[in-house]
Structures are given as C-alpha cells and as structure tokens.
1. Compactness ratio of region 47-120: Cα Rg over 2.2 N^0.38 Å, N = residue count?
2. Treat every Asp and Glu Cβ in the chain as -1 and every Lys and Arg Cβ as +1, leave all other atoms uncharged, and give the resulting dipole magnitude about the Cα centre to the nearest 20 debye.
3. Which Rg and Dmax, in Å, describe the Cα atoms of region 111-196?
4. For the chain, take the longest principal axis of its alpha carbons; what is the angle in degrees between that and the long axis of helix 123-135, to the nearest 10 within 0 to 90?
5. For region 226-283, report the translational diffusion coefficient in µm²/s to the nearest whole number, using Stokes-Einstein at 37 °C, 0.692 mPa s, and a Kirkwood Rh over Cα pairs.
6. In region 180-245, if every C-alpha pair distance is counted and binned at 10 Å from zero, what percent goes to each bin?
7. Rounded if a/c is under 1.5, else prolate if a/b is larger than b/c, else oblate: which is region 118-160, with a ≥ b ≥ c the root eigenvalues of its Cα gyration tensor?
8. Return one number: the angle in degrees, 0 to 90 and rounded to the nearest 10, between the long axis of the Cα atoms of helix 158-168 and the longest principal axis of the Cα atoms of the chain.
Amino acid sequence: MHILISGSTGLIGGRLKRAFRDAGFEVSAVGRNDFLSEAEALAEKVSGADVVIHLAGAPIIGRWTKKYKNEILSSRVETTRKLVHAVNGAAVKPRLFISASAVGIYPGDGIYDETATVSGDDFLAEVCRRWEAEASALTPETGLAIFRFGAVLSNEGGALKKMLLPFRLGLGGPVAGGKQGFSWIHTDDLAEAFLFVIKHKLTGIFNLTAPQITDNATFTRALGKALHRPAFFPIPAFGLKMVYGEGASVLTSGQKVLPARLQKEDFVFRFPNLELALGDLLK
C-alpha cells in the first residue's frame, strides 16, 4: 500500500511515517514545492497512491497578528483546495483521502461527539469549518475521512514537551482557572487510529481524542503527579494575552470531546486515561 502524506516533517507526520513503514506500507511526501507546482504535476504525484493524508498547516500557537491569522487560515484552506483538486484530477484516484481538522470546531461548553451539529463561534472554529468544507469538495470516487485532532501528547515534541521544564521546576499549574476542556490523545493511539481507519476502509468524521473527558486543571494535576512535582502555580489569562494576544485563546479555552465513531467501530485505546498516557510518555 502506498501512503502519500503532506506535512510529513511535523510531529504527527513523523510518527505516522514510522507506523506506516512498520506496517509494511510505502510512504512518500507532498512537500511545499509540490503545492507551488502546476496543478497537473500535483495530480500526477497523487495518482496511484492508495491513501492521501493531508496534515499541512501553520502552527496554531503564536501571537495572532492579522497577518498570522491569515497564514493559519490560508495554510490549511488553500493547501486542502489544491490537494483535493489534484485528487479529483488524478488519472488513478486514491481510494481514501484523510484530511486533518481539530476539535476546536466544537463550542467550549458542553460535551460533544461527531454527531454534533453545532460549532464554535471563534476564529479557530471558523478555520476548521472552512478547512473541512474544502475537503468535502472531494470526488465521490475517493472516500473521505476527516480527523479532528485533540492535543497530541508525545515525548518527542508538541505541547507536552514544552510543559515539562516549568513543571519539573515546580512552576506548573492550571491555566486561566483550569475549567476549560482539554481533549487529548496519546501519539501511539493516534497512529493506531490512522491504521485502523485505513485497514477497515472507514470514512466520515472521527474525533481523535482519548475517551476520558477532562479539563485543564485535571490534566495539570495528573502531570504534576506523574512528575512528582507540585502543580498549583496558576497561570493567569492576562499574562498569556500579553504574550500571545488573541492567540492566547488556544490555551485559555478548550473543548470536551468524545471519540464516539472510533468506539462504535470497536477501536481499542491503549491509553484511555491520563494516568496511563503520562506514565508511558514520562517513564
């Protein structure tokens, strides 16, 4: 099986490449230059691939100037549009297109699964709606799966690695009161979810989150416990806003999301709760 991945150099892309190669799949990449090339060249590249996975997009965490917000949006919408156009025009079309999205599409209150018909009203929710809308223009000849990611916990990078130093120094604590939802998934479960959907030829929307409903304060306590460090040093919202501006909302807000589709299909999580996940990642 031939898997073609955009965004293959990132944290998730790197983990997926290892998982696919361990499974005996051929893996190749769609790079930045491919998106800058002629449409026919990109269509030729995706032609014959069994599965195309689209992960590319500018990092969310940062100071959201007007220019950077445009980059966050365009890096997802425009690349998705180009890749979908390439798949639609390919001589031999992939059987499955997996497009990344995020749980940020859901509102910050309540608990949601893939059956939810409501979405949030902030910038990230709008990004996700437009991102998914571009993916939905895919030809019906190719199956479409949309993966809404929670925070991916990994010891190789991402949010968890950035948190470790302050927590180890005893400076960790809840962000902005800690009541906001915190939907997460262990990087190994994420890779297994991709393999599961590919092998079972599934389509539709999937929340890639652990089944444990939690919030920022619960995560903070669990991380402090796993590191044997106190975790009561609060991080106020105004401090984050001074650093990130509007972009602080990535840290001060969040969603509580369930992976109902994966559970319905009998996917088994190796790390369904924070104690297991952090114990494995920090061992």
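1. Rounded to two decimals, the normalised Rg is 1.37.
2. Dipole magnitude for the chain comes out near 800 debye.
3. Just the Cα atoms of region 111-196 yield Rg and Dmax of 16.7, 54 Å.
4. 20
5. Roughly 222 µm²/s, to the nearest whole number.
6. Final binned percentages: 17, 32, 29, 17, 5.
7. oblate
8. 20
Just so you know, all these numbers are worked out from the coordinates, no wet-lab data involved. In this text the structure is predicted, and so the values were computed from the model without any measurement. In this analysis, Cβ positions are derived from the backbone assuming ideal geometry, glycine residues included, and neighbour counts consider all displayed protein chains.
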